[in-house]
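Colleague: Sending over a structure as structure tokens; questions will come in a sec.
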Amino acid sequence: GAVAPEVAAEAGTAERAEATELLSTAADTVRRGHPGLRVTERAVVAASPETALREASGEASLVVVGSRGRGGFVGLLLGSVSQALVQHAHCPVLVAHRPEPADD
């Protein structure tokens with residue numbers, strides 16, 4: 001069924017507020033951990049995460065993304081967004097994986 005325009009607008013506003021808070025929290029965390037690093041917050045709106053990151057990479061010295069490593073054989077190492085970014089970014093890309101727990 002169709003969603004009423006006012007319901008869709010309210011959902012979009014809530015999503016934007018959540019995204020803004022997430023961006024602010026991430027930037028504050030990086031600033032506290034690396035006081036000498038200049039951190040600029042900029043929200044990017046695009047058709048897909050891959051497009052947003054590729055466009056942002058045109059103005060960046062380095063793009064850092066996390067990867068959960070989902071998405072087929074190649075996805076064992078890179079997720080689909082990371083894989084697309086590595087192939088099409090305009091600057092170097094660092095893909096960070098969550099450390100595996102040590103086998104004790």
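Just so it is clear, none of the values below were taken in a lab; they were calculated from the coordinates. Keep in mind the model is a prediction, meaning the values are calculated, not measured. Glycine also receives a Cβ, built like all others from the backbone with ideal geometry; neighbour counts cover every protein chain displayed.
Colleague: By count of other Cβ within 10 Å, fewest leading, how are Leu62, Leu53 ordered?
Modeller: On the way: Leu62 10, Leu53 21.
Ascending Cβ contact count within 10 Å gives the list Leu62, Leu53.
Colleague: Extension gain Val86-Ser24, at 0.36 nm per residue separation less the Cα-Cα distance, in nm? Walk me through the intermediate numbers first.
Modeller: Details: separation 62, 0.36 × 62 = 22.32 nm, distance 2.52 nm.
Gain in length upon complete extension: 19.8 nm.
Colleague: Now, a different point. For Gly66, which sequence-distant residues (separation of 5 or more, or a different chain) have an amide H within less than 5 Å of its own amide H, given hydrogens modelled in the peptide plane?
Modeller: Under 5 Å from the amide H of Gly66: Ala96.
Colleague: Starting from 0.36 nm per residue, how many nanometres of slack lie between Val44 and Thr13 once their C-alpha separation is accounted for? Don't jump to the answer; show the numbers that get you there.
Modeller: Numbers: separation 31, 0.36 × 31 = 11.16 nm, distance 1.51 nm.
Between Val44 and Thr13, full extension yields 9.6 nm more.
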